[in-house]
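Colleague: Quick one: the structure is below, questions incoming.
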Amino acid sequence: MGEQKKIIVATHRDDIDGIASAALILKVYPDAFLIFTTPDKIIKMRIKFTIVTDLPKPPYCEICIDHHKSNYERLVKSSKLTDKDLVDPNAPSAAFLVAKYLGLDDKISREIVDMANRADRGDVDDNLSILDLIIKVNSSNQEKLRWIAQKLAEHGARIFSDEEFKKEIEKIQPLIDMRNKIKRIVEGLLQREIEVAIFDCRKISAALGRLPPTIFTKWGGKASISIYYIDSGDLKVSVRVGNISFEANKFAERFGGGGHAKAAGIVVKNEYILAHIVKSFVDELKNYTIAYVELS
């Protein structure tokens with residue numbers, strides 16, 4: 001019998017969809033070597049990946065499974081989309097496509113896909129928000145991210161009843177308290193009929209960076225951005241859009257970012273570029289009532 005092929009997988013490290021995709025892969029390939037990384041880093045890697053999901057396709061990749069429109073358009077334009085890839089910008093999540101690709105349709109797999117779908121469309125309840133926080137707090141810890149993915153693979157939606165996972169929830173209680181404060185701030189903005197919000201999150205944990213605009217647009221805001229530091233020391237601008245024609249991904253692509261029509265991101269190298277992004281965002285949405293909020 002020949003030696004079994006080593007499965008090397010890369011997935012997005014700091015969101016539910018990326019970890020959910022890893023969980024589904026572990027159900028089929030429990031010994032897979034997982035690398036949790038970011039879009040800007042994956043395209044520079046020269047590793048021969050078996051599967052890359054929820055990320056742009058790197059130079060050496062057998063199978064790319066993704067739902068980002070920017071990735072799809074790049075692959076089509078460069079003629080690098082192959083018959084082995086499954087890249088569909090109309091899919092609700094990368095995890096949805098991973099389950100389809102691997103033929104997974106058991107109860108736990110469906111629960112994992114549902115969690116990823118809801119997270120990517122911003123339909124985040126308290127449990128999903130907690131899971132997202134735990135992922136982000138551990139985004140630089142490869143071992144812990146695999147542990148979370150394994151817990152998801154074992155328990156699906158019942159992960160929140162797992163005793164070990166409950167201990168992880170206890171560790172992030174200060175962040176949960178801050179999340180609740182953010183909710184109250186957003187509620188106050190909407191009561192004042194603010195339609196567009198800019199959240200400066202540079203003084204709070206990066207794990208909460210994307211949360212304010214997500215809540216704001218979910219609760220009825222037209223559009224929002226948040227500004228926060230990532231572990232590289234760079235700034236990140238997260239763009240979220242509610243029920244208006246403004247496209248987050250098109251806006252982000254102008255500054256080297258990307259994503260979806262309702263949710264996108266930009267990595268910012270300096271304050272000058274940040275100021276230009278914020279000004280452009282305000283200029284395009286100047287017909288709406290706008291507020292700037294510094295969180296601390």
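The values are calculated or read from the model by the stated rules, or taken from the named source; none is laboratory data. Note that the coordinates shown come from a computational prediction; the quantities given were computed from them, not determined experimentally. We place every Cβ from the backbone using ideal geometry, glycine too, and count neighbours over all the protein chains shown. The protein model used for the area step is the full one, side chains on, heavy atoms only, and it has no ligands, DNA or RNA in it. Shrake-Rupley method; radii C 1.70, N 1.55, O 1.52, S 1.80 Å.
Colleague: Could the peptides 87-97, 172-182, 13-23 be put in order, highest first, of the mean number of other beta-carbon atoms found within 10 Å of their residues?
Modeller: Highest mean packing first, the order is 13-23, 87-97, 172-182.
Colleague: Which one of K27, K262, K41 has the biggest mean-square fluctuation once the chain is modelled by GNM with Cα springs under 10 Å?
Modeller: Largest GNM mean-square fluctuation: K41.
Colleague: By how many degrees, 0 to 90 and rounded to 10, does the Cα axis of helix 271-284 deviate from the longest principal axis of the chain?
Modeller: Approximately 70 degrees, to the nearest ten.
Colleague: What is the sum of charges, Lys and Arg at +1 and Asp and Glu at -1, for the other residues whose Cβ falls under 15 Å from the Cβ of I42?
Modeller: Charge balance near I42 sits at 0.
Colleague: Would you mind checking the tilt of helix 126-137 against the longest principal axis of the Cα atoms of the chain, expressed as 0 to 90 degrees and rounded to 10?
Modeller: The angle comes out at about 80 degrees.
Colleague: Using helices alone, what [θ] at 222 nm do you get for the chain, with -39,500 (n - 2.57) per DSSP H run of 4 or more residues, divided over all residues and rounded to the nearest 500?
Modeller: Helices in the chain give a 222 nm mean residue ellipticity of -13500 deg cm²/dmol.
Colleague: Between segment 259-286 and segment 129-207, how many Å separate their Cα centres?
Modeller: 24 Å
Colleague: Let me ask something else about it. Quick one: among D283, D125, D83, which has the greatest mean-square fluctuation in a GNM of the chain with alpha-carbon springs under 10 angstrom?
Modeller: Judging by the Gaussian network model, the answer is D83.
Colleague: Could you run the Karplus curve 6.51 cos²θ - 1.76 cosθ + 1.60 with θ = phi - 60° over segment 38-53 and give me ³J(HN,Hα) per residue in whole Hz, x for Gly and Pro?
Modeller: Taking θ as phi minus 60°, the curve returns 10, x, 6, 8, 4, 6, 9, 7, 10, 6, 8, 7, 7, 9, 10, 10 Hz for segment 38-53.
Colleague: Find, among the GluC sites (Glu not before Pro) in segment 164-247, those assigned to loop by DSSP (not H, G, I, E, B) with at most 14 other beta-carbon atoms within 10 angstrom.
Modeller: E193
Colleague: Taking all protein chains in place and a 1.4 Å probe, what share, in percent, of the accessible surface of the chain do carbon and sulfur account for?
Modeller: Taking all protein chains in place, the chain shows 50 percent carbon and sulfur surface.
Colleague: With everything on Cα atoms, drop me the angle between helix 142-155 and the longest principal axis of the chain, reported from 0 to 90° to the nearest 10.
Modeller: The angle comes out near 80 degrees.
Colleague: Taking springs between alpha-carbon atoms closer than 10 angstrom, which of D132, D123, D234 fluctuates most in the Gaussian network model of the chain?
Modeller: D234
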